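The values are calculated or read from the model by the stated rules, or taken from the named source; none is laboratory data. If you're wondering where the values come from, they're calculated on a predicted model, not measured in any experiment. Using ideal geometry, Cβ is built from the backbone for each residue, glycine included, and neighbour counts are taken over all protein chains shown. Please note that ligands, DNA and RNA were not included when accessible areas were found on the heavy atoms of the full protein model with its side chains. Shrake-Rupley method; radii C 1.70, N 1.55, O 1.52, S 1.80 Å.
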Amino acid sequence: MGKMISDKMDACDVAAAHANTELKNDSRSVKAILNDNEEKVSMEVDDYDPSERDITFQQQTEERQGGNQLSSYLAFVPKDIKAFEKFEFECYLVNDSNYYLQYVIMTAEGSAWTFKAHGEIEPNMKLFIEDINGDHLNELGRVAIQMMAFKKDKTFLLKPTIDIQFRIDPVKFYKIHTFEENDFFEQPALLYTIVENDQIARPLVVDSKRLKEQLYKEEVVVHNEQKKKKVKDDGTLVVDLHATELLETTEGMNTVDILHYQLDYFKKIMNENKMKKGLKIIFIHGKGEGVLRQALIHELNYRYKNCPYQDASFQEYGYGATQVTIK
């Protein structure tokens, strides 16, 4: 044991003596020797490349003004608007808000539901879901969409979860006028509203029997009934929404298809005149059972909240017209 300790001490003494001999044989000054050692250390440090480190910084998502209210849409875009007859479309999910959206999309045939897609869409983005052709249209049927909204790395106002069902109408895909200009795509698109300005879309429940009775019931309406719309002397726009005035024929269309067509025409008129402040528009929908009128009121309360409405003059239009004022 003593011999081992002695051997280690002898080795240390030899190393120290060797180092001391090197210093004695070095004719440089102590300052030069220290500088030389610093350069060696510096060279070792310079070998470190910061670019090899993992990137951990993530830039916060840029938010837009007015984007803290949820708006989201399911969009169908023709692949080639010039070759519309091919019936080839792209389906997108649009997130027009400052929130991230976790989503699940399902479709149903009868009472059987099928999982379609799920994932996360970033704020103010649109996300491709799938390609759709004419053979797939009837498979869409009813669509259910569930969503949860949140923000990352910052506080936010809690939004209610979204759970909505609506019907995809195949007839719309065969009518080019249902694809409209929009803020999300360069070409016209068919948009189904999921939520808009924090208001979750509510599907319209229609009694087909009542609607059929209304559409084909004989009613007395204003003069010159053959015109879809006309302008009165005081500037009021009069629009007749009767199916017989809007369509040359209703062959092949059921009552729900006709209602959708009437509502589309109503929205077209509203959008065409939305900048004409103070304009009064009379929509003639007929009395009947009031199904079409209820549908118009639904749209006015949801999509055109700023436009007040009232029953039109009973003397001129009976009980079958509504007056809307553009604001």
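Every residue, every condition in (1) part of a helix (DSSP H, G or I); (2) without any contact (Cβ under 8 Å) to a residue 40 or more places away in the chain; (3) in contact with a Gly (Cβ under 9 Å, 6 or more places away or on another chain), yes or no:
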| site | (1), (2), (3) |
| --- | --- |
| VAL239 | no, no, no |
| THR249 | no, yes, no |
| ASP257 | yes, no, no |
| GLN262 | yes, yes, no |
| ILE269 | yes, no, no |
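Residues that are at pLDDT 90 or above and in a loop (DSSP other than H, G, I, E, B) within segment 305-327 comprise CYS307, PRO308, ILE326, listed in sequence order. Of all residues in segment 246-285, those satisfying the criterion of being surrounded by 14 or more Cβ atoms within 10 Å (Cβ to Cβ) and over 22 Å from THR325 (Cβ atoms) are LEU246, LEU247, THR250, MET253, THR255, VAL256, ASP257, ILE258, LEU259, HIS260, TYR261. The condition of being hydroxyl-bearing (Ser, Thr, Tyr), farther than 26 Å from GLY134 by Cα and at pLDDT below 90 does not hold for TYR174.
From ALA144, ALA243, which residue is open to solvent by less than 30 Å² (accessible area, probe 1.4 Å) and modelled with pLDDT of 90 or more?
Values: ALA243 fails: modelled with pLDDT of 90 or more.
Only one candidate qualifies: ALA144.
Residues that are open to solvent by 20 Å² or more (accessible area, probe 1.4 Å) and at pLDDT below 70: does segment 156-170 have at least one? Before you say what the answer is, go through the steps one by one.
Taking segment 156-170 first, the residues open to solvent by 20 Å² or more (accessible area, probe 1.4 Å) are 156-161, 163, 165-167, 170.
Still in the list and also at pLDDT below 70: none.
Looking through segment 156-170, none of the residues is open to solvent by 20 Å² or more (accessible area, probe 1.4 Å) and at pLDDT below 70.
Among residues of segment 285-301 that are modelled with pLDDT of 85 or more and assigned to a loop (DSSP other than H, G, I, E, B), those with a beta-carbon under 9 Å from a residue that is open to solvent by 20 Å² or more (accessible area, probe 1.4 Å) and not acidic (Asp, Glu) at least six positions away or on a different chain give the pairs HIS285/HIS242; HIS285/ARG293.
Pick from segment 286-320 the residues that are under 28 Å from ILE200 (Cα atoms) and in contact with an Asp or Glu (Cβ under 9 Å, 6 or more places away or on another chain): which of them is surrounded by the most Cβ atoms within 10 Å (Cβ to Cβ)? Before you say what the answer is, go through the steps one by one.
Of the residues in segment 286-320, the ones under 28 Å from ILE200 (Cα atoms) are 289-311.
Then drop every residue that is not in contact with an Asp or Glu (Cβ under 9 Å, 6 or more places away or on another chain), which leaves 289, 291, 302-303.
Working: GLU289: 16, VAL291: 23, TYR302: 15, ARG303: 16.
Once the filter is applied, the top-ranked residue is VAL291.
Note on segment 106-141: residues that are more than 28 Å from ILE81 (Cβ to Cβ) and either within 14 Å of the chain's Cα centre (by Cα) or buried (at least 16 other Cβ atoms within 10 Å of the Cβ) (or both) total 3.
Taking the criterion of being open to solvent by less than 30 Å² (accessible area, probe 1.4 Å), assigned to a loop (DSSP other than H, G, I, E, B) and either under 16 Å from LYS82 (Cα atoms) or basic (Lys, Arg) (or both), the only residue of segment 186-203 that qualifies is PRO188. Annotation note: Cβ proximity below 8 Å between a residue of segment 117-133 that is modelled with pLDDT under 95 and a residue that is of a type in the set (Lys, Arg) and outside any loop (DSSP other than H, G, I, E, B) (sequence gap 6+ or interchain) occurs for ILE129/LYS116; GLU130/LYS116; ASN133/LYS86.
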